[in-house]
Amino acid sequence: MTLPSDAPVLGFWLMAFGMQAADTQLIDLFAPNGKLLLHKAIPIDHNMAQYRFFVGIKRRGSYWPTGEYR
């Protein structure tokens with residue numbers, strides 16, 4: 001999948017299974033140069049068989065750098 005360099009947002013829809021009370025869902029997104037773009041810590045307050053959520057970041061410059069985002 002190729003990210004259009006002019007995309008206004010880089011976003012992800014995520015699903016986790018077997019979340020338990022007191023867990024913390026950690027999400028980190030890194031740019032191709034290794035810079036941390038997004039860090040999200042989501043505390044889980046009760047047991048859940050499934051957990052769905054969205055994380056994203058708006059483009060800050062004129063374009064997204066090419067390469068692999070992790």
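The values are calculated or read from the model by the stated rules, or taken from the named source; none is laboratory data. Predicted model, so just to flag it, every value in this text is computed and none were measured. Neighbour counts run over all protein chains shown; Cβ positions are idealised from the backbone, glycine included. With ligands, DNA and RNA removed, areas are computed over all heavy atoms of the protein, side chains included. Shrake-Rupley method; radii C 1.70, N 1.55, O 1.52, S 1.80 Å.
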- What residue among Phe54, Thr2, Ala22 has its Cα farthest toward the positive end of the dipole of the chain, where the charges are +1 on Lys, Arg and -1 on Asp, Glu, each on the Cβ? Thr2
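Kirkwood Rh and Cα-based Rg: tell me the resulting Rg over Rh for the chain, rounded to two decimals.
On the way: Rg = 14.3 Å, Rh = 13.6 Å.
Rg/Rh: 1.05.
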- Across segment 5-14, in residue order, what do the Karplus-derived ³J(HN,Hα) couplings come to in whole Hz, using 6.51 cos²θ - 1.76 cosθ + 1.60 with θ = phi - 60° and x for Gly and Pro? 5, 9, 4, x, 9, 10, x, 9, 9, 10
- In whole Hz, what ³J(HN,Hα) sequence does segment 47-55 give by Karplus (6.51, -1.76, 1.60; θ = phi - 60°), x for Gly and Pro? 5, 9, 5, 9, 9, 10, 7, 10, 10
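How much length would be gained if the chain were fully extended between Ala49 and Glu68, taking 0.36 nm per residue of separation minus their Cα-Cα distance, in nm to one decimal? It would help to have the intermediate numbers written out before the result.
Values: separation 19, 0.36 × 19 = 6.84 nm, distance 3.12 nm.
My answer for the length gained is 3.7 nm.
Would you list Val55, Val9 from the most to the least accessible area, probe 1.4 Å?
Putting Val55, Val9 in descending order of accessible area: Val9, Val55.
For Ile57, what charge total do you get from the other residues with a beta carbon under 13 Å from its beta carbon, if Lys and Arg give +1 and Asp and Glu give -1?
On the way: positive: Lys35, Lys40, Lys58, Arg59, Arg60; negative: Asp28.
The answer is +4.
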- Query: In segment 21-70, what percent of the accessible surface is made up of carbon and sulfur (1.4 Å probe, ligands and nucleic acids excluded)?
  - Reply: 50 percent
